[in-house]
Every structure is written in structure tokens, then in C-alpha cells.
Amino acid sequence: MNRKMVFFTLGQLLLIEAALMVLPLIVSLIYRETTVFAFLITLAATALVGGALMFFLRKHNKTMYAREGFAIVAISWVALSLFGALPFFLSREIPNYIDAFFETVSGFTTTGASILTNIEALSHGMLFWRSFTHWVGGMGVLVFYMAILSGSSEKSIHIMRAEVPGPIVGKLVPRAKDTARVLYLIYIALTVVEIIMLLFGGMPLFDSVVHSFGTAGTGGFGVKADSIGGYSPYCQWVIAVFMILFGINFNLYYLILIRRFKAVLKNAELWVYLGTVFAAIAVISFNIYSMYGSVAEAVRNSAFQVASIVSTTGYSTVDFNLWPGLSKTILLLLMFMGSCAGSTAGGLKVSRIILIFKMCRNELRHLLNPRTVNVVKIDGKQVDGATLKNAANYFSLYMFCFAAIFLLLAFEPFSIETNFSATAACFNNIGPGFDAVGPSANFAEYSLFSKLILSFAMLLGRLELFPMILLFSRGLWRKK
Amino acid sequence: MNIVIAGCGKIGSTVIASLTAEGHSITAIDTNVKALDAVTDNFDAMTVCGNAADSDALNEAGIDKAELFVALTGSDEVNMLSCFIAKKMGAKYTVARIRNPEYNDQSLGLLRLHLDLAGAVNPDYLAARELFNILKLPSAANVETFSRRNLEMIELRLKPESALAGLRLMDMRKKYPGQYLVGVVQRDDKVYIPDGNFELSPGDKIGITASPTELHKLLKSIGTTQKQAKSVMIVGAGRTCFYLAKMLLAGGSNVTIIEKDMKRCNEMSDALRGAVVINGDGANQDLLLEAGLENTDAFLSLTGMDEENILLCYYAATKNVPKVIPKVNRDEFALIAEKMGLDTVVSPRKISSNVFVGFARALKNSLGSKIETLYKLMDGKAEALEFDAQDDPSYVRIPLKDIRLKPNTLVAGIIRSRKTIIPMGNDTILPGDKVVILTAGKRMNDLADIIK
């Protein structure tokens, strides 16, 4: 690994984080809160460390290969979370540093799992920073870095592959820098539209911004104890629709922008995703109709929760922990599916499930007729062997990781349902689970050890396993 | 600028490398997924898998927004067809690689006209022409020609016994008067645009610009042998060999060709009257000696294997052949060859990528002074560019000594109606002149870029 280059880049990223922290600082100033100092100290410390790394490592060669891409992504996500946790800790609003770290990782990985028992007691600056981490983490810190800084690196595709979720990472436009810019422009535009639409619904400006950040990154941090439940049905519908929109592959938005509608309509992943969402909404609406007594309310709550879970956001309008078993089962399964590749959502990703499904079907054909040659096609194009192998291996590794985390959580004095859904909720970057970690509860009761495990699980899930696991491989660190 | 490149083979990937380095947005098309993976891994470019002559693939590559389409696949026919379709689908300019000798005669003009090609590039022919120029002046490591050979630039490696070693440039001018200019010097890894006080030392690689006759005079007076190579031995009968042999035979040289493949030998012997064609393995030393290696003026190894070419040339050099030239396509190997004392190497890849870089820069700057030729010198650290001067008040009719040039930039020659001027402080650039610029600094698109 080209350590100098990796840590130089980390220095640049820390400076970016320091710059991003100016926004919550401004919010604190507007609301005249004492948290200003927590932000100022963190900002200075982050900038200092970042600047020092850049200064001492300014002489480095720029060669980058796949391993450097993985290393930069994994190391920087951990480092950004470590520094991002400082404001919570320094302002004493989250007195324990590990709790603050959990909260920040949950923010950057767009999970939305919280250890806070009383969210409404938090200052505006902290609430803003918490949700802003969602927004930054959703599209990716390094994609942002590429959009504004790099331009010279020929091999920045390695960073993009490591950070952007999905089995196949393609570029929208020839240059990586321009691709990153297009992604962020779409991201910003969608966020702004949502803020405006929420303002129309009478939601206060601060709440609109924070909730739009939470939706855009498919995170799920809110400002109220009952999440979105207290807002008008209009606002709930807006957020539900945007959660589904942010779960769609951003490449499709670009295709719409350049008026290649046919390619959008041919996209198999989109149809499977939307089909699953609507089927789930329909079934759950029937299932919970008797609890609410009105079709409109049943459909709204069902749609909101399905959108929230499938996009791995984690907002809620009602306590779905009280829903019947069928609805809860569907929600639990949707947690694993997640949304489309190339979106800000977590989970296994629909495209991967399609690939694995088609591979299984081919395997069955092959068993019946050992000499058949079957190719896997997606969107009318043949998928090459390496991609298929990667998808299958990803799925296996995903299962192993899930089992390991679940086992480590078993030492806690909670029910199987709690631990299982907590693992699923963190690993898939959703947020709330069932039972003791349901939408009306939180993760505060877990031990510090389990919180670290879950923080790691969130990073694993957001970066799609490989970068974080490679961090433990000696081969990655070997000097070259 | 949006550029679509079809074909990611040896030439294709070199062109992609140099054009992405120039900051263009490149989309590459190929049928081979592995080749495309190598492109995405190594260069900042987008890829499309498919047949370049298929409108779907071209559409996906965004051909309607492309300013330049370059077809570099292995098949001339696919190149022509894809250029034709790309042009119809909205590509502004199209360039095809056409390397088959059958298309490179009178039919080329017809093809270019009716397929509406902005250019047809034949890397093998370009390499052969460069080799031919070098063989005319074998003492030079490299020869670049500008404006239909009215101005040449040669690269010389100064040997310890050279008369120039230890001389300051102003003293050199006094000792060897003439119309020439030492415009660029490479010492170790650094490239200098020297002034009069610059002292040459052994091991330097210097670039001299002058008209061909002046160059002959200068080389004669500094005592560097410069007899034209009269008998040439070539190993590997590829297309480059064919074109080169044809030129050499027309100039009256003796050519011996050694080729393993019998069928190819037959074709050569059929097409090249007067050449001695030997069927056998060029790596066989006895065979080379038997064919008269020790009495040849120049030995060229043009097989498809860089390693074999370098080793064969090294062997020939030990047998005191005055000029040996290997064909080396990979840059890393070219450096190794130079370390082994093989000053001259030829790389068809590099030659054609220079052509495309020049072409793309000229397109980018379609209003200003056009780039006519572009050469990368001294391992790509310096460039020689030929511009077509316009009536631009920022440089026209101003004595050169009054133009504030950018650092590391030099006006190395002016060609005015076939007359070559090696410019001094009082000379001026006039509209319609061809101006040759040497630069070791920023990249230039326009003649006006020389001004600070």
C-alpha cells in the first residue's frame, strides 16, 4: 500500500470535514447556543490534524491501485467518524465518547440508529450536525472529495468502486470527476425540492432541512421523539415518496436528464424495486386495516413504513412494533433487500438479488441438463463471470458477517427478536428494529462493547463489506 | 472535448492514455471486456462494450455529442464503416486507422472523400517514414521533420569524444557558424531550453533545428559521420517493414529482409522487387552473420516482440553495425533500451498518439492558429509544435526580442514560402508563416500561448 498517499488523502478529507462543520457552527450561532465552542474546538482539531498530515506527507507519489482505493475509503470513514463524534462529546450532550462515536457512525453510514433517550433535549446545532452527517455519508465523502478536488488522478475509479454501493459501478460521463459532480448535483437538486415541498406542508424550516437530509441520505435521524408521526399527512406522504425516490439508482436520474427514457424503462432493477414496494404496501395495508379503521390511514402508514424500511431510512409514523406478525415479517425481509444499487440506500441491493436469483435458476437448469450453456442477462446485456462471482461471494460473506455480529450480540440480556433485528437494522443501515430496539425505543441499553460491534456493523454495511474487512488483512498494509 | 475511441488495443490504449492526460473526456468502445476493464482501471475514461460499427454502441457512447471519433480497431473495414456511421450519427470529425497497403494507394483519397473522414492514420507507414528519415541521417538519434521537410530537428546524443562536449553554446556558434539552433537539451531526467551560456557536456541529448542542408553542413563540420545508410537489414516483415523497404529501395539502398513465416516471405518477395528476402529465424546469430550482418550500415529489428527486438539490436551493435534500431512499443522497455546504449528506438504507438494529440489540440482551437505537427521529445518532457501563423496582433510583425515569451519556450524556426529562417532577435513572424515552437513547459493549443 502506498501509505503516504493514503494518509495524505486522509488529511485532505479531514480538512473537508472541518469545512463541512462550519454549517452546524453557523446553525449554533443563529440559535445562540453554547455548542458553538464544541464545534469550534473540533473544527480546529480536525483541521490541524488534516493539515499536519498533508504537510508532512506532501512529498508522495500518486500511484494508486485497487488496494489504495479500498484503504482510503475504509480508513477515512473510520477517521471521519472519530472526529465527527467530538462535538457531541465535547458539548457533553452525549457524555460518553463511545456513545458519541456510535451516533456519528450511525449518521455517516446513514443508519439512523440512536442511543439518545431524549432527542428533543439536544441543541439545534447538534441536531443539525447529526442529520448533516446523513447527507454527507449518503452520497459518500470520497465522491464529494472527487467532485471538488481530484482531477488529475487517472485511477480514481478505484475509490469510486470502493465507496459507491452496488455490484457494478459504472460511470455516467467519461471523467470520474464529472461523474462525481453529476451525482452530487442530482443529489442536491432532489434534496432542495424536498425541503421546498415540506415547507409547503407547513413544516418549520429547520425541521424541513433536517428531515430532508435524513431522507436524502436514507438515514433516519429526526428531531422528535415520535419521528415523523407528529407531522401532517401531507408531510408524511412527501417524505414517503422521497424515501422511495432516493432508493432509486442515481444513474437513472442522469439518463432522464439526458432524455434517454428508453434506457430507464428497460431497467430491470427499477421495476423489481417498485413492484416489491407496491406489493408490500398492498399486503401490509390489508393486514393493518383493522388497527386504523380508515383506508387512507392504513395505506399511508403502510406506505410510509415500507418506504422507510426498503430505502433503509428508518423514519416512522407509528410504532410498527405493535403491528401483526405478517406485516413485521414483510418489513424484516425488506430490511435485507434494501434498494437499488447506486442509490444512497443500504441492504443487499435489488440488482444483486436479481443476479443471485438468475444464477440459482441457471443452476437448476444446469442440473437438469448438464450440458446446457446459460448466460445471465440483465437489462438485455450479458453479465460477465467476474461480476456474478462477486455477487455470489458478496452474498456468502454478507451471511457470515451477519452471523458473527448476531452471535456477538447474544451476550446481551435481550430477546432473540431484539438482537436479530438490531443486527439487521445496523448491518443494513436502517436504524430501528423490533421489540426493545423498535421505533419508539433506542440502542441506549446495549453495552459499550456491543455498541462498538454495531458501529463496525454499520460501517461494514455502508461500505459493502470488502473495504472494512480488507482493513484487517496484512496484505493491504504491506509496504510496496 | 468529447472524444469517442473505438478499439482498445495497443495503439488504442496509448491514444487513450495521452488524450486523457490532455484533459479530454474519453469514451472507449471495444468488443473485448478484458481490454475495456484495463482501460477503466488505468485511465479516467468511460467504456462501452460492443461493436464500433453498431449504432447502439455508438449511441451509448454519446456519439451525437462527440467532437472527434477515432476508429483504431484491428480491422480497416470496421474502422471505415464505423467512421461512416459515426459521422452520420453526428460526430463532428472522424479519423480512421487504415493500414492495409491496398487501401493506402490512390483509393485512400477516394475513401477519405466519400466516407467524409477528417483523417486517415497509418501507424505503420508513419513509423516507416520516421525510420527512413533517421536512416538518411544515421548519426542522429532521432529526426523530426516539419513543413514538408523544409525544417528538420535532429536529436544527438553527445559521446565523450564529441567535438561539442564541454562547449558553451555561444562558443559553438562561433566555432561552427551556420543557420542552426540548439533548442533543447536533456540531461539525466531534466529538460532545458538552453541560452548562450549553457555548457554542453557528454551524455547530453541535444535537439538541433535547421534546414536539411544546413544540418548536413553542421554534422560534417563537427565530424560526426553522417553517411546515408546504403545497406539495411530488417528482421520481421510486418507492414512497417514493407513500407520502409519500399522507400529504401526507391532511394537505391540494398535491403535484406529476414522473416520466419514462409507465406509472408513470399508476399514480400512478390511485392518488393530488388529486396533480398530470407526465410529464417532472425534470432539465429549464424543466420544473421551469413546474411551479411557485419557488412550492413544499419540493422533494424521490427518484430512484434519488444524484448526480441532489443536483444537482437544489442547483438548487432556488438558486431559493430553502425546504426541499430529496435521497434519498442512499451515505454518502460524504451528506457531500458536507451540504458543499453540503443539511442534510437521507434514506437509506432507513440508516433500515432502524437498525431492524435496534435489533431485534438487543433480541434480545440479551431479559430486560432492551427497546429500542423506535434512531436513529443525527450521522453515526452518537451514538445515541438508547428503552427500556422494567423494575423494575430499579439505576435505578428513584432521583433522576436520584443515578445515576452513564457519561460521554457523558444521560437525554433520560421518557414516562409519554403524558405527556412532560424530566427534571431530582429526577425518577425508574418501571417501565413509556419512557426516551429519548442517548449518544456505548459501545453499549448495556440501560437498566442507562447506569450507570457
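Points worth noting:
- Cα gyration tensor shape of the stretch B:364-450, rounded if a/c is under 1.5, else prolate or oblate by comparing a/b with b/c: rounded
- Cut-off 12 Å (backbone N to label point 7 Å along Cα→Cβ of A:K4), residues of the stretch A:57-91: A:57-63
- Of the residues in the stretch A:175-191, those shielded by at least 40 Å² of accessible area once partner protein chains are present, compared with the chain alone at a 1.4 Å probe, are A:R175.
- Value of relative contact order over the stretch B:2-121, rounded to a whole percent, pairs C-alpha under 8 Å and six or more apart: 23 percent
- Calculated FRET efficiency for the pair A:F400/B:R330, C-beta based, R₀ 30 Å, to 0.05: 0.10
- Under 14 Å from the B:D391 label point (7 Å along Cα→beta-carbon), backbone N, the stretch B:403-443: B:430-433
- The dipole here belongs to chain A: it is taken about the Cα centre, uses +1 on the Cβ of Lys and Arg and -1 on the Cβ of Asp and Glu, and is about 2440 debye.
- Net dipole in debye of the stretch B:332-407 [+1 Lys, Arg Cβ; -1 Asp, Glu Cβ; about Cα centre; nearest 20]: 200 debye
- Fraction of beta bridges assigned by DSSP in the stretch B:251-389 that are antiparallel (%, nearest 5): 40 percent
- Candidates per trypsin sites (Lys or Arg not before Pro) in the stretch A:251-293, loop by DSSP, up to 10 other Cβ within 10 Å: A:R259
- In this structure chain A gives 40 Å² per residue of accessible area when probed at 1.4 Å with all protein chains present.
- Interface A-B: total buried accessible area of about 1400 Å², 1.4 Å probe, protein heavy atoms only.
- Approximate spin-label separation B:K452-A:S232, in nm, with each point projected 7 Å along Cα-to-Cβ: 6.6 nm
- Links that overshoot a 23 Å alpha carbon limit, given the list B:K230/B:K319; B:K339/B:K376; B:K34/B:K65; B:K136/B:K190: B:K34/B:K65; B:K136/B:K190
- Three-way shape label, chain A, alpha-carbon gyration tensor, a/c 1.5: rounded
- Derived scalar couplings ³J(HN,Hα) [the stretch A:41-54; Karplus, 6.51 cos²θ - 1.76 cosθ + 1.60; whole Hz; x for Gly, Pro]: 5, 4, 4, 5, 4, 4, 5, 5, 4, x, x, 5, 4, 5
- Rounded accessible area per residue of chain B, 1.4 Å, Å²: 43 Å²
- Remark on the stretch B:1-40: accessible area falls by at least 40 square angstrom from chain-alone to full-complex state for B:S25, B:T40, probe 1.4 angstrom.
- Carbon/sulfur fraction of accessible area - chain A, other protein chains in place, 1.4 Å, %: 69 percent
- Counting 0.36 nm for each residue step from B:L113 to B:K401 and taking away their Cα separation leaves a gain of 99.3 nm.
- Carbon plus sulfur fraction of accessible area for chain B, probe 1.4 Å, in percent: 50 percent
- For the stretch B:146-195, with +1 on Lys and Arg beta carbons and -1 on Asp and Glu, the positive-most of B:L167, B:G178, B:V191 along the dipole: B:G178
- The accessible-area ordering, largest first, of the residues B:M80, A:M197 stands as A:M197, B:M80, per a 1.4 angstrom probe.
- Along chain B, the exposed loop sites are GluC sites (Glu not before Pro) outside DSSP states H, G, I, E and B with at most 15 other Cβ atoms within 10 Å, and the longest stretch free of them is B:162-452.
- Probe 1.4 Å - accessible area at A:W271, Å² to nearest ten: 130 Å²
- Between A:L199 and B:N32, the modelled label-to-label distance comes to 5.6 nm, taking each label 7 Å out from Cα in the direction of the beta carbon.
- Förster radius 56 Å - calculated FRET efficiency between B:D105 and B:S201 (Cβ-Cβ, nearest 0.05): 0.70
- Using C-alpha pairs below 8 Å separated by at least 6 residues, the relative contact order for the stretch B:345-452 is 30 percent.
- Relative contact order of chain B, taken over Cα pairs closer than 8 Å and 6 or more residues apart, is 11 percent.
- Evaluated with a Cβ-only charge set (Lys, Arg +1; Asp, Glu -1), chain B carries a dipole of roughly 1580 debye about its Cα centre, given to the nearest 20.
- Of the DSSP H helices in chain B, those with a Cα length along their own long axis of 15 Å or more and a mean Kyte-Doolittle hydropathy reaching 0.0 comprise B:10-21, B:76-88, B:123-136, B:239-250, B:306-318, B:348-364.
- Unit charges at the beta carbon, dipole of the stretch B:2-121: most positive-side option, B:T31, B:L113, B:G7: B:L113
- Projecting the Cα positions of B:M89, B:V70, B:G50 onto the charge dipole of the stretch B:18-173 (unit charges on Cβ atoms of Lys, Arg, Asp and Glu, taken about the Cα centre) puts B:V70 furthest along the positive direction.
- Contact-buried residues of the stretch B:41-90, at a threshold of 30 Å² lost accessible area versus the chain by itself: B:D41, B:N42, B:D44, B:M46, B:E60 (1.4 Å probe; DNA, RNA and ligands ignored).
- Largest to smallest accessible area among A:Y31, A:Y394 [probe 1.4 Å]: A:Y31, A:Y394
The values are calculated or read from the model by the stated rules, or taken from the named source; none is laboratory data. Here the structure is a predicted model, which is why all the values come from computation and not from measurement. FYI the Cβ positions are ideal-geometry reconstructions off the backbone, even for glycines, and counts take in every protein chain you see. With ligands, DNA and RNA removed, areas are computed over all heavy atoms of the protein, side chains included. Shrake-Rupley method; radii C 1.70, N 1.55, O 1.52, S 1.80 Å.
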